[in-house]
Number of protein chains: 2
Amino acid sequence: MTELARATRGDRRPESLAAALLEGSPTALARGLTWAEAGGERAEALLALTYARGGRAHVVGVTGAPGSGKSTLTRALARVARQRGRTVGVLAVDPSSPFTGGAILGDRIRMNDLSLDPGVFIRSMATRGALGGLCRAAADAVDLMDAAGRDVVFVETVGVGQDEVEIMRVAHTVVVVSVPGLGDDVQALKAGILEVADVHVVNKADREGADRTIAELRAMLTLVPTPPGVPVPPVLRASATREEGIEAIADAVEAHGAALATSGQLDVRRRRAAEARVLAIAGTLIAAALGDPGRGDDGTLIEQVAKRTLVPHAAARALLAKARERERTSHV
Amino acid sequence: MTELARATRGDRRPESLAAALLEGSPTALARGLTWAEAGGERAEALLALTYARGGRAHVVGVTGAPGSGKSTLTRALARVARQRGRTVGVLAVDPSSPFTGGAILGDRIRMNDLSLDPGVFIRSMATRGALGGLCRAAADAVDLMDAAGRDVVFVETVGVGQDEVEIMRVAHTVVVVSVPGLGDDVQALKAGILEVADVHVVNKADREGADRTIAELRAMLTLVPTPPGVPVPPVLRASATREEGIEAIADAVEAHGAALATSGQLDVRRRRAAEARVLAIAGTLIAAALGDPGRGDDGTLIEQVAKRTLVPHAAARALLAKARERERTSHV
């Protein structure tokens, strides 16, 4: 615990927490993440006090189907980053992740090993809310880890569903993990993850069918244009449990980060991240206002549209106004 | 052409078009749908003038993977509805649909047969826009068909992607079409379509693997709760090209519609539809405002967040305000 953190223990003002967090206190970061997960006025105040100090971390998304071994891979990548002298933050947004308790015993023990290193900060986040709620909380958490001085922030999500794709948009470099023999996997990739993938990993590459999965991924990649100055996504083999192929993946992730910086694409990614998170916040504000009363006392906005006493376009305008009002009076 | 439609030909005021459309003029409906697809002030005015008169049609969604034969099925269901004395509207939101020109010649000829019947109004809509744009246009089109007095309105979409699931939320009864041997198909259903399915059709049921697909669907259905008073989604076999099993599907669709009405679930569906479309409109307004200038002259809202000169939460509030302002000054 830092001096400042010690001095401000029990002090629940956002200003005090922000100061300790910006100094790198893990205790302050832990409390800040709890605030971020809960959302609301405190979380927003903390973000406002720390946001300008972020923007230095390399945010690396790791996603893939359940059972693809992405948690094990994330852990292995975190270890390599530590060996290379970087401080690490890990945010696991995945109910099946060992980070959130879904692991077999051996996994948990190795996990705890990693979590004993003060240079690694691990946090899990449960799936929650609708219309951007999860993305809002995850993006806030990433920003706090960034502001707290973590050099690399890994964000792990299950690669299915709209929310998860949205979360990947806050990352600078996205690693998509596939496994041989899951035909559905490649299929699912088509649904939206493929377009955000920067590095492909075929994990459990000792399994039958690995070559075919690699060939399929390479074939699909020829269909997706790569921005100028950014490497075509490599397709790499790994066996995360045996720690095989991890260094090469870490190299590819770093090379992608470096290419973003020199090509000017980093600004494009930062805008993409900004857009994803502003939309997520707007979504949570709007969702909260959906049940607000409409005109007169004939029920909520939505009920009035359903009863055809209010036109949908007018309701949408009213919804935006109410979402803004709510935000002004009581924070969501 | 009705007398009114004839009298108002060339008259481009929303009031005139609304009057002719409400009288059931197919010419007026066709023009109204063109306005709806384009969006903007005229479309909104037309909706405002006709919305209260809708709410009588049975809106039936038909969705499934590409190649599942859902267009052929929709056409067959439209024919049965006509035989049962109903007037029909068909909205195809699917680039691969024969309704939109993706058909083999034989299909098109049969299609044209159907389109010669004045009791069937067919319209296709191309995939377009982002963040609710397609859903907004499709929902407006459904409402216009409803207000024009069509007894049944079929909406056909490809059952992949978030937008398509959103469109299905405007339907009262959703038919999900699967085909044997597409393992991915059942997989894809898990992603969101399953929870909106009211009637399952296994098309091309003469193919190998039909029994297995049916068994898988039934197994999955045991995991999804059904609201009280609404039948558990039946899983029906069909061969749409041979016109086998169509009557039974039409019966199931009608039975579902009747159960909605008697159980009170119709109101729940209407609220679901209202919510989906209000959110879609709000989404288009917000998307249009994303590029609006932020504070000062330091770029757009999103650019300022990306540069960390503006906090995401403040940007989200500003976005809602700007989306509302835009709507007030220039219609989207």
The range B:54-70: number of residues that are modelled with pLDDT of 85 or more and within 14 Å of the chain's Cα centre (by Cα): 8
Restricting attention to the range A:51-66, which residues are in contact with a helix residue (DSSP H, G or I) (Cβ under 9 Å, 6 or more places away or on another chain) and not aliphatic (A, V, I, L, M)? A:Tyr51, A:Arg53, A:Gly54, A:Gly55, A:Arg56, A:His58, A:Gly61, A:Thr63, A:Gly64
Does B:Ala248 satisfy the condition of being buried (at least 17 other Cβ atoms within 10 Å of the Cβ) and out of contact with any Phe, Trp or Tyr (no Cβ under 7 Å at 6 or more places or on another chain)? no
Quick one: B:Gly192 ticks every box in (1) modelled with pLDDT under 90; (2) surrounded by fewer than 16 Cβ atoms within 10 Å (Cβ to Cβ) bar one, so which box is it? (2)
Got a sec? Which helices (runs of 4 or more DSSP H) wholly within the range B:17-89 have at least 3 residues that are more than 12 Å from every other protein chain (Cβ to nearest Cβ) and out of contact with any Ser or Thr (no Cβ under 8 Å at 6 or more places or on another chain)? B:26-38, B:70-83
Can you find even one residue in the range B:286-304 that is closer than 30 Å to B:Ala137 by Cα, modelled with pLDDT of 85 or more, outside the structural domain of B:Val176 (by TED's automatic domain parsing) and in contact with a strand residue (DSSP E or B) (Cβ under 7 Å, 6 or more places away or on another chain)? yes
Residues that are at the interface with chain A (Cβ under 9 Å from one of its Cβ atoms) and either of a type outside the set (Val, Ile, Thr) or within 21 Å of the chain's Cα centre (by Cα) (or both): list the helices (runs of 4 or more DSSP H) wholly contained in the range B:239-332 that include at least 3 such residues. B:265-289, B:301-306, B:312-329
Residue match in the range B:243-265 (condition: outside the structural domain of B:Arg207 (by TED's automatic domain parsing) and among the acidic types (Asp, Glu)): no
Residue satisfying condition, being over 19 Å from A:Val305 (Cα atoms) and modelled with pLDDT of 85 or more, within set B:Val142, B:Val160, B:Val120, B:Val165: B:Val120
For A:Asp292, indicate whether it is touching a Ser or Thr at 6+ places or on another chain (Cβ under 7 Å) and surrounded by fewer than 18 Cβ atoms within 10 Å (Cβ to Cβ). yes
Condition test on B:Val199, is it surrounded by 15 or more Cβ atoms within 10 Å (Cβ to Cβ) and in contact with an Asp or Glu (Cβ under 8 Å, 6 or more places away or on another chain)? no
Checked the range B:231-245 for anything modelled with pLDDT under 85, surrounded by 19 or more Cβ atoms within 10 Å (Cβ to Cβ) and not small (Gly, Ala, Ser); matches are none
Does the range B:225-242 hold any residues that are over 21 Å from B:Asp267 (Cβ atoms) and of a type outside the set (Lys, Arg), and which are they? B:Pro234, B:Val235, B:Leu236, B:Ala238, B:Ser239, B:Ala240, B:Thr241
Where residues in the range B:210-224 are surrounded by 16 or more Cβ atoms within 10 Å (Cβ to Cβ) and over 14 Å from B:Leu236 (Cβ atoms), which of them is modelled with the highest pLDDT? B:Glu216
Which ones in the range A:202-217 are free of Cβ contacts under 8 Å to residues at least 40 places away in the same chain and assigned to a loop (DSSP other than H, G, I, E, B)? A:Asp206, A:Arg207, A:Glu208, A:Gly209
Qualifying position, being modelled with pLDDT of 95 or more, under 17 Å from A:Ala238 (Cα atoms) and in the same structural domain as A:Glu247 (by TED's automatic domain parsing), among A:Leu73, A:Leu77: A:Leu77
Residue count, the range A:50-84 (criterion: farther than 19 Å from A:Lys204 by Cα and touching a Gly at 6+ places or on another chain (Cβ under 7 Å)): 2
Can you tell me which of (1) more than 15 Å from A:His200 (Cα to Cα); (2) in a helix (DSSP H, G or I) is the one A:Gly229 doesn't meet? (2)
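The values are calculated or read from the model by the stated rules, or taken from the named source; none is laboratory data. Just so you know, these numbers come straight off a predicted model, no measurement behind them. Glycine gets a Cβ as well: all are built from the backbone with ideal geometry, and neighbour counts include every protein chain shown.
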